[in-house]
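All remarks here apply to the structure that follows.
The values are calculated or read from the model by the stated rules, or taken from the named source; none is laboratory data. None of these values were measured; they are calculated from a predicted model. Cβ coordinates were reconstructed from backbone atoms using ideal geometry, including for glycine residues, and neighbour counts include every protein chain displayed.
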Amino acid sequence: WCHPIKSVFVTFPGDVLKNMTDTELAETYLKRFGYMEIQDKSRLQSSVSTAKALKRLQRQLGLEETGALDKATVNAMKQPRCGVPDVRN
Amino acid sequence: YQTFEGDLKWDHTDVTYRVLNYSPDMEETLIDDAFARAFKVWSDVTPLTFTRLYDGTADIMISFGKADHGDPYPFDGKDGLLAHAYPPGEGLQGDAHFDDDEFWTLGTGPVVKTRYGNGEGALCKFPFIFEGTSYSTCITEGRSDGLPWCATTANYDNDKKFGFCPSELLFTFDGNSNGAECVFPFTFQGETYNGCTTEGRSDGYRWCATTSNFDTDKKYGFCPNRDTAVIGGNSEGEPCQFPFTFLGTKYTSCTSEGRGDGKLWCATTSNYDADKKWGFCPDKGYSLFLVAAHEFGHALGLDHSNIQDALMFPMYKYVADFHLHEDDIEGIQYLYGSRTGPDPTPPQPRTTTSSPVPPPKPTGRTPKPTPPIVPTTTPVVDPSKDACQMDVFDTITEIQGELHFFKDGHFWKTSNGGNGKHRGPFRVSETWPSLPAKINTAFEDPLTKKIYFFAGKNVDNITRGKFRDPRRIEKLGLPNNLQKVEGALQRGKGKVLLFSGESFWRLDLKTQQIDRGYPRFIDQTFGGVPADSHDVFLYKGHFYFCRDRFYWRMNSRRQVDRVGYVKYDLLKC
């Protein structure tokens, strides 16, 4: 009687939100809020590794700086927030 | 705290803002109030002042929008991104945008302000008891006209206090119908509609016609959301339909089944599988006040902070008793300095304190607890001078948010936010000692807060209680033979239109000179109002032209949208 319910995800018409994997969510989030593309002192734009970007995000949000996409970081990325980037280039 | 690169900030402290549109989630007055309180958060700790403009370009233009809303940064539906704002500067810079796929509240669930009824516009009290049953939403039970209502106290059966809840049957907002209710059915592009629709729009907002035929009359307004309406999805504005069938299973409440994000949703017809109509269930929503205060921080030059309790931290967190964090204060004062001096309170007439409520007579029985008696101020002038007995006023104008009615050395005032009842009479000579008894026109410059008084051929202005010597109106560039100025309309930044007879002039308040190209004829610019109005003034973004006991109200598109009595509509006699 305690079988887990087998969830079926459907695509809801008119839904702006898309079902994303955690990795897809992280990539989008890090890019959108400025953690992936960092301008250096010579004004050159360079991509940083996902681990570095995650560490930077974790520092900004006061999370443990693991550089890994752990549960706390994923949860933080799902929180409602302001659309202004955290890292400005 | 952080500021934007180059410490972007406004180069003036008298910052202006304008609300371009409203959300269907809350009453306009509640939204206005949330924004005003959000600005006050910053003006309390800096020398900044915030003045609302009703037309023209303001420093901070505020709007609600969904998904792609006209800038390069689209919103993302419900939750996730809530709002964004741009750092200070020209054009889009300084503007604040709020995602209208969110459910905007004061942070603790639907805020339902009532209209009509006998609840005097109070908020709904949820839950409330009606005929022994407890209700947590507006209901149509007990009515045959389908208008949703709620009690404004916890027990309707005892107190009989109620008001009507926002619905398209009661009013619309924005649009061009001055808040008129929807007319159903209505015709749009030959089709008949029995409810609000998003057809014909790309922004997802629900609208309706306010006459039976949009195609011929072109009259429309946007539909307010009912408190029971779903958010987003493809059925915004519809209520959940319980039970509903989803993938063959019946649901009697909102569910997160079928979604990977855990959000609660419901169908708005009895069968999702067949109809595919759905929306998110109403929740506590996001505090418009808190989000606006954060966004206005950006609009003033603050970037995100990494202090979790700071207002400028990027993530939303509801707090009931909000106080600005030291980090935010340091940040904004780094840009603009700290506030000095006392509160800029206006001069007040001499008053006495009295109680409007007579003390209870002793009866020998245990007295019921009574609400505290609030002292009120009563002016020390002849109370027999009743504004409701006046047919025509010398001038009417809005000063410091209150509408002032001047007549023969006295004035009365009525505030925007109160119950609309007027106060007074007050003596002009006690508030503004150097003014003559007869004032033909007065207006307040929204930027400098200077108040200008025109009396005959003289003009005085007053700032922070200090008068300048009166000047002749010819010094402004008005003609020598002009006997008086009879009306004034503030237009955008630093300009005001002055009316006399059938002509008007535009005064540049900075140069204190009439602009070139004037006078112009009133009837050529303001069609449909009396060309010989004896008073003209701006109030809540509308132009008012007075003639005899009546006023003609004109909107910013220069359409006369109302003609009424000064006494009943403005003074609430």
With B:TYR316, B:TYR286 as the choices, which residue is in contact with a Gly (Cβ under 8 Å, 6 or more places away or on another chain) and under 30 Å from B:THR228 (Cα atoms)?
B:TYR286
Residues satisfying the stated conditions in the range B:525-560, i.e. touching a residue at least 40 places away in the same chain (Cβ under 8 Å), in contact with a strand residue (DSSP E or B) (Cβ under 7 Å, 6 or more places away or on another chain) and more than 18 Å from B:THR441 (Cα to Cα):
B:ASN555
Just to verify a result, which residue in the range B:3-13, among those that are buried (at least 17 other Cβ atoms within 10 Å of the Cβ) and not basic (Lys, Arg), is nearest to B:LEU447 (Cα to Cα)?
B:TRP10
I'd like the residue in the range B:49-72 that is acidic (Asp, Glu) and at pLDDT 90 or above and, out of all such residues, is surrounded by the most Cβ atoms within 10 Å (Cβ to Cβ).
B:ASP59
Which of the strands (runs of 3 or more DSSP E) contained wholly in the range B:462-573 include at least 3 residues that are farther than 30 Å from B:LYS219 by Cβ and at pLDDT 90 or above?
B:495-500, B:503-508
Could you list, in sequence order, all residues of the range B:302-330 that are more than 25 Å from the chain's Cα centre (by Cα), over 20 Å from A:ALA76 (Cβ atoms) and touching a residue at least 24 places away in the same chain (Cβ under 8 Å)?
B:LEU302, B:ASP328, B:ILE329, B:GLU330
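Residues are listed down the side, and each one gets a yes or a no for (1) under 22 Å from B:LEU82 (Cα atoms); (2) surrounded by fewer than 15 Cβ atoms within 10 Å (Cβ to Cβ); (3) at pLDDT 90 or above; (4) more than 11 Å from chain B (Cβ to nearest Cβ):
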{"site": "A:THR21", "(1), (2), (3), (4)": "yes, yes, no, no"}
{"site": "A:LEU30", "(1), (2), (3), (4)": "yes, no, yes, yes"}
{"site": "A:GLN39", "(1), (2), (3), (4)": "no, yes, no, no"}
{"site": "A:VAL48", "(1), (2), (3), (4)": "no, no, no, yes"}
{"site": "A:LYS55", "(1), (2), (3), (4)": "no, no, yes, yes"}
{"site": "A:GLU64", "(1), (2), (3), (4)": "no, yes, yes, yes"}
{"site": "A:ALA72", "(1), (2), (3), (4)": "yes, yes, yes, yes"}
{"site": "A:GLN79", "(1), (2), (3), (4)": "yes, yes, yes, no"}
For the range B:550-570, check the following and say yes or no: at least one residue is of a type in the set (Ser, Thr, Tyr) and over 31 Å from the mean Cα position of the chain (by Cα).
no
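Yes/no per residue for (1) polar (S, T, N, Q); (2) crowded, with 18+ Cβ neighbours inside 10 Å; (3) at pLDDT below 95:
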| residue | (1), (2), (3) |
| --- | --- |
| B:PHE280 | no, yes, yes |
| B:LEU288 | no, yes, no |
| B:ALA293 | no, yes, no |
| B:GLY297 | no, yes, no |
| B:GLN308 | yes, no, yes |
| B:LEU311 | no, yes, no |
| B:ALA320 | no, no, yes |
| B:ASP328 | no, yes, no |
| B:GLY331 | no, yes, no |
Going by the structure shown, is B:PHE126 crowded, with 22+ Cβ neighbours inside 10 Å, modelled with pLDDT under 95 and under 26 Å from B:GLY285 (Cα atoms)?
no
Go through the residues of the range B:30-53 one by one and say whether even a single one is in contact with a Gly (Cβ under 8 Å, 6 or more places away or on another chain), aromatic (Phe, Trp, Tyr) and farther than 22 Å from B:TYR336 by Cβ.
no
Tally time: how many residues in the range B:79-116 are facing chain A (nearest Cβ under 10 Å), over 15 Å from B:ILE31 (Cβ atoms), surrounded by 23 or more Cβ atoms within 10 Å (Cβ to Cβ) and of a type outside the set (A, V, I, L, M)?
2
